[in-house]
Amino acid sequence: MMWIVFFIVVGFFAIYVFSPFFERAFRNRRVASASVVQENLGFRKQEILGALEDLEYDYKMKKMTEPDYEQLKEKLTREAIEVMKKLEQPGKSAGPHEAERNRKVHS
């Protein structure tokens, strides 16, 4: 008896989870690639700004030398400026492949 109830609950759950995939409106919906790129750039901007804050904190706690701090701060600042410029120009932002290539080059 317990197994029957279990399978019924699992069946309803499966129907609930997979039903959107069979709806025509769901299958035909596409996400605009430009908005995805903009969203990724926004996330990257937040990551960089957080890294700058962490860098500042580590330097104040004397966890790194001044030359290392200056070098990393300059690198992160340049990257932040580059990302912000791309965010300001939504029509001219880099595609997903170019963004990935840039991330590998700057790492």
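Any read-out appearing in this document is the output of simple, stated calculations on the displayed coordinates, not a laboratory observation. Nothing here was measured: the structure is a model prediction, and the numbers come from that model. No Cβ is skipped: glycine too gets one built from the backbone with ideal geometry, and neighbour counts run over all protein chains shown.
For region 63-81, a residue qualifies if it is among the acidic types (Asp, Glu) and in contact (Cβ under 8 Å) with a residue 12 or more places away in the chain, and exactly one does: 79. Only one of the numbered conditions (1) surrounded by fewer than 14 Cβ atoms within 10 Å (Cβ to Cβ); (2) closer than 22 Å to residue 89 by Cβ; (3) of a type in the set (Val, Ile, Thr) is violated by residue 37, and that is (1). Scanning region 1-25 for residues that are within 29 Å of the chain's Cα centre (by Cα) and of a type outside the set (S, T, N, Q) yields a total of 9.
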